[in-house]
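Everything on this sheet refers to the single structure shown next.
The values are calculated or read from the model by the stated rules, or taken from the named source; none is laboratory data. Just so it is clear, the structure is predicted and the values come from calculations on it, not from any experiment. Please note: Cβ atoms are built from the backbone with ideal geometry, for glycine as well, and neighbour counts cover all protein chains shown.
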Amino acid sequence: MAFGVAWLVFIDSIIQYNTCLDRVNVDDICAWGKPPNNQTIAHASDRNVLLMTTPAPPQWPAITGRPALVYLPGVLGAVALFMVNTVEPYQLSMSYAEMVEGASPTALKIWLFVGMLAGLTSIILSVWVLLDVYMRDPALHHEPAIAAIVQSVFIFVSSGIFWVGRSYGEDDLWGSDPLL
């Protein structure tokens with residue numbers, strides 16, 4: 001559930017980045033400004049009368065270039081979730097290596113460590129994108145970068161919850177300490 005909420009928050013912020021739905025006013029949608037009262041509607045054939053026109057919608061910058069780095073933390077977090085959850089807790093003990101020929105708990109511990117490190121890196125990367133890319137340019141809205149931080153944290157938490165939750169209730173997976 002935390003993984004799904006993480007992606008929904010991020011996708012919603014990207015959708016809101018290029019829309020004006022958060023400023024909807026029935027009289028003045030997207031805050032384009034009301035036309036002056038002295039303008040009149042005329043036929044196109046009458047060249048002396050100013051036609052009342054609707055101004056063009058404002059153009060927000062697309063997420064390209066350096067601001068596009070905002071997509072990277074979520075992808076890296078999803079890869080970290082995969083890496084962490086390919087290792088079962090019972091596979092980290094030496095008795096598992098004795099049961100299965102060719103198994104290496106050390107290699108699995110390194111794989112798990114790299115997965116956790118990738119998850120933490122996604123959080124650090126998302127904070128860096130907010131501070132270095134989005135805060136330096138006043139023309140950019142900060143919402144996608146803030147959502148990337150929330151997304152990275154939620155994905156990291158969900159990978160830990162899923163890793164612990166898959167083995168909850170099974171006997172002797174965590175050793176002798178029941179609180180670990």
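On inspection, Lys34 does not qualify as basic (Lys, Arg), at pLDDT 80 or above and more than 27 Å from the chain's Cα centre (by Cα). Within the stretch 71-112, if we keep just the residues that are among the β-branched types (Val, Ile, Thr) and within 16 Å of Phe162 (Cβ to Cβ), the residue that is modelled with the highest pLDDT turns out to be Val79. Among the small types (Gly, Ala, Ser) and at pLDDT below 85 - does that describe any residue in the stretch 150-160? Checked against the condition, which is being among the small types (Gly, Ala, Ser) and at pLDDT below 85, the stretch 150-160 yields no hits at all. Pairs meeting the criteria (first residue in the stretch 132-147 and over 15 Å from Thr64 (Cα atoms), second residue of a type in the set (Ser, Thr, Tyr), beta carbons under 8 Å, at least 6 apart or on different chains) are Glu143/Ser13; Glu143/Tyr17; Ile146/Ser13; Ala147/Ser13.
Filtering the stretch 62-81 to residues that are free of Cβ contacts under 8 Å to residues at least 60 places away in the same chain and not in a helix (DSSP H, G or I) leaves Ala62, Thr64, Gly65.
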